[in-house]
Amino acid sequence: MHLVDIGANLTHESFRHDFDAVLQRAIDHGVTRLVVTGASLQGSEQALALAQAHPGRLYATAGVHPHHAMDYDDATDARLRELAREPEVRAVGETGLDYHRNYSPREVQLAAFERQLAIAAELGMPLFLHQRDAHADFLALLGRYRHRVPAVVVHCFTDTGEALRDYLDLDCHIGITGWICDERRGTHLRELVKLVPAGRLMIETDAPYLLPRTVRPQPSHRRNEPMYLKHICEEIARDRGETPEAVAAHSTATAEAFFGLPPARAG
Ligand SMILES: [Zn+2]
């Protein structure tokens, strides 16, 4: 079984002391390719460096998360354009809107989001997007750019059926995290994940966040790792009435096409 973790925050400080072991455990658990999320300018630089150090294994995105939209200035924009042209960088993002926490004011988030949509449009690159409690504004802005970019994934989808339909109508891909393994707040996703066609569904850990609650025993440190991606694959398989092997096969093929990844190599 080959899995692709399309969203892993491997530049997070919690991975600094044992990064090589984390990566080896992921590989041992079938996660043969990982896309390292860039969520700030510095984080995107680090994600690229990791990808360059692990060719064929790690890839990167380059973007500024809505939490950090206040930091987005002309210099950020110029440097992001350079990063996005690096061969290891396979998508623009993480960008989008987050009105749940509102760490940056909404108008600042909207401006930073639009500038990154423009980068993806100009470079013809896929987008790795985040939306929380901001569906209407997000959909309106994305809708204006959708025809100018080759592909879009709404990562860590946790929203309603209406939002899901809106994204599928725009021919977006959907990223599912361990949120779906949470019996307290993820149950609606177990119904909605049936509505995502094979070919539009990808899986991600969002590590070190969102440790799947189906991991037994739960590690005491609570840190999520890419090696737990299989638990997400298995929950999705249960919900869709597919085998885990089938979900692995179609979500991996989808991720390879979306990010332009070469086929997996062994071990
Ligand atoms: Zn996110």
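None of the figures in this text is laboratory data; all of them are computed from the coordinates on show. What you see is a predicted model, and the numbers here were worked out from it, not measured in a lab. When we count neighbours, we look across all protein chains shown, and the Cβ atoms used for this are built from the backbone with ideal geometry, even at glycine.
Just a few scattered comments:
- Scaling against 2.2 N^0.38 Å puts the C-alpha radius of gyration of the range 47-193 at 1.04.
- The range 214-263 and the range 89-129 have Cα centres separated by 25 Å.
- The orientation-averaged projected area of the convex hull spanned by the Cα atoms of the chain comes to 12.7 nm².
- FRET efficiency for T243 and R81, using Cβ-Cβ distance with R0 set to 35 Å, rounded to 0.05: 0.25
- Neighbours of A134, meaning other residues whose beta-carbon lies under 11 angstrom from its beta-carbon, give a summed charge of -1 when Lys and Arg score +1 and Asp and Glu score -1.
- Calculated [222 nm] ellipticity per residue, helices only, for the chain: -12500 deg cm²/dmol; basis is -39500 (n - 2.57) per DSSP H run with n ≥ 4, divided by all residues, nearest 500.
- A crude spin-label estimate for the pair N102 and D20, with each label 7 Å from Cα along the Cβ direction, gives 4.7 nm.
- At 1.306 mPa s and 10 °C, Stokes D of the range 1-95 from Kirkwood alpha-carbon radius, µm² per second: 119
- Debye, to nearest 20: dipole size of the range 34-110, +1 on Lys, Arg Cβ, -1 on Asp, Glu Cβ: 280
- Test item: Cα-centred dipole of the chain, Lys/Arg +1 and Asp/Glu -1 on Cβ, debye: 460
- Peptide packing for 67-79, 28-40 was compared via the average number of neighbouring C-beta atoms within 10 Å per residue; ordered from the highest value, the list is 28-40, 67-79.
- The modelled label-to-label distance between D74 and S220, using points 7 Å beyond Cα along the C-beta direction, is 5.4 nm.
- Cα-based shape type of the range 159-267, given that a ≥ b ≥ c are square roots of the gyration tensor eigenvalues and the cut on a/c is 1.5: oblate
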